[in-house]
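Report on one structure; see the data block that follows.
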Amino acid sequence: MCKCLFVFLVGLFLTAAATVWAGQSPLALARELAAEGDWAACRYESRRVELATPAFATQARALRGQAERELALNRRQKSGWKRIGALPVKAMVGFYRLAVAPALGSRCVMEPSCSHFSMQAARECGWLGLPMTGDRLIAEASMVVARHQPVTNAMGQVRFADPVSDHIGWRPAQRLDKVH
Amino acid sequence: MRKSDRLVVILVLLTATILPASGWDFAVDLAKSGDYPQAAVEFRRLAMSYEAADERGTFAWLAGYAYWQASRYWQAERMLNITEEAAPALETEIYLLRAGNNRSWRRPDEAAFYLESLMDESRQEPVRRLATLQLAAVKVETGKLAAARDLLAASPFDGDMAAVTAIDEYSQGCDKSVVAGGLLGLVPGLGYAYSGEYANALRSLILNALCIWGVVDFADREQWGGVAVVGFAGVTFYSGSIYGGADAAARYNRRRLEACTRAIEKNARFEPDYGALPLLDLKFRF
């Protein structure tokens, strides 16, 4: 019994040693993701290593801590003026969700719903979230009639996709070389 | 066989069963369910775990494909660099993905370079056909309509002439100016009307008029709370009218362009055949 355990442990040690020698530390991927600045994936990966490979738990925890700090820093950098500009929209949507939405229920046929769209627009574009909300409320009915981009949500209901990304990053008008 | 030897064999088999448990099924499942960033991380892990260069290249390419679908173009490029180093034989697959990635990244010149490389006679027919269609679409996207038309007219593949008609139709129209749309939006509804969205124009006009009337009426009665609430709604709709004027022009241009590129490409695309893993095999659909 002792002999077979010894063989098993030696095998495991050799495998681990070969892996480390080949430069394939279990944290290699997490470190690569950190170098790329993909901190969300780095946090996930270092957490996985922390749980799956106890020998590397301390290093993985340190890397996860760094990833969490970077993510928090990114959130703070994104805010500032944008966050202040987003306040009116957030207040409006907050009031709607608190006082109006419970009486109406989930009725919006757009994906994301108008209140989610407003919050996303405010988060991504700051004060521009207000005109984007106005535009969405004006144009919503036409989008439903046109049935552009129908999608099925998790509840199996048909909705019409109109993500915030469709309203930002406008492509300028093209100068076309005409076909003769 | 002695009892201890049997135990050794069992433990070795057990280890062998446990170690490859993190195969590609999980990554493929994530990719198929649309969780592309996570699928990319799983494929990267697989790429790092394989010793054989071909398999490392295959999984790095799949990671790049997943990043492309997740709109993480920079990371997709990095994965393709790794693929190129590990498995240069996958040149066609690398070029196809580089072309798609650069096109989505709005780098049409780079995309055109890779697509032109794929139109070489030595490539397989589906690759050349897909490259021809995509290159024509890229040329339309950059406004080079005559070049796109010539490319399709010279194409040896059947059915590409229908795309020539689509380019002719696209050429007859013209794009709307986003700036003009925004400026016209200063008059509620006019910005939408400029891009042909008459229902939105009418709705914008009515909503803005109602808000102005509401603000004036509340102010006459000296009900300042009402002025604040209706005024806020008015500001939302008025600014929405300006933004919407510009957005409607951009929407008009985008839809016009999409209709043309869709007519050219007709849903032509490539995707990896996950059933062939660890070999990289592409499926083409036209």
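The values are calculated or read from the model by the stated rules, or taken from the named source; none is laboratory data. The shown structure was predicted, so the numbers you read here are calculated from the model rather than taken from an experiment. For neighbour counting, all protein chains shown are included, and Cβ atoms are generated from backbone atoms with ideal geometry for every residue, glycine included.
A few comments on the model shown:
- Selection from region A:109-155 of residues that are in contact with a strand residue (DSSP E or B) (Cβ under 9 Å, 6 or more places away or on another chain), hydroxyl-bearing (Ser, Thr, Tyr) and under 24 Å from A:Leu98 (Cβ atoms): A:Ser113
- Filtered residue count, region A:156-180, keeping only those that are at the interface with chain B (Cβ under 10 Å from one of its Cβ atoms), modelled with pLDDT of 75 or more and surrounded by 13 or more Cβ atoms within 10 Å (Cβ to Cβ): 3
Yes or no, residue by residue, for (1) at the interface with chain A (Cβ under 9 Å from one of its Cβ atoms); (2) crowded, with 22+ Cβ neighbours inside 10 Å:
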residue	(1), (2)
B:Asp150	no, no
B:Ala153	no, no
B:Met161	no, no
B:Tyr170	yes, yes
B:Cys174	yes, no
B:Gly181	no, yes
B:Leu205	no, no
B:Ile212	no, no
B:Ala248	yes, yes
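- The set of residues from region A:17-37 being modelled with pLDDT under 85 and more than 12 Å from chain B (Cβ to nearest Cβ) comprises A:Ala17, A:Val20, A:Trp21.
- The helices (runs of 4 or more DSSP H) found entirely in region A:101-155 that carry 2 or more residues being surrounded by 19 or more Cβ atoms within 10 Å (Cβ to Cβ) are A:114-125, A:129-146.
- Residues of region B:47-76 satisfying the condition of being in a helix (DSSP H, G or I), hydrophobic (A, V, I, L, M, F, W, C) and either touching a strand residue (DSSP E or B) at 6+ places or on another chain (Cβ under 7 Å) or more than 10 Å from chain A (Cβ to nearest Cβ) (or both): B:Ala53, B:Phe59, B:Ala60, B:Trp61, B:Leu62, B:Ala63, B:Ala66, B:Trp68, B:Ala76
- Among the residues of region A:38-53, the ones that are within 18 Å of the chain's Cα centre (by Cα), in contact (Cβ under 8 Å) with a residue 12 or more places away in the chain and within 10 Å of chain B (Cβ to nearest Cβ) come to 3 in all.
- Which listed residue, of A:Leu87, A:Leu98, A:Leu73, is within 14 Å of chain B (Cβ to nearest Cβ), part of a helix (DSSP H, G or I), without any contact (Cβ under 8 Å) to a residue 24 or more places away in the chain and of a type in the set (A, V, I, L, M): A:Leu87
- Within the set B:Arg103, B:Arg56, the sole residue that is under 21 Å from B:Tyr274 (Cα atoms), out of contact with any Gly (no Cβ under 9 Å at 6 or more places or on another chain), crowded, with 20+ Cβ neighbours inside 10 Å and basic (Lys, Arg) turns out to be B:Arg56.
- All told, B:Glu222 falls short of being surrounded by fewer than 18 Cβ atoms within 10 Å (Cβ to Cβ), of a type in the set (Asp, Glu) and within 30 Å of B:Tyr50 (Cβ to Cβ).
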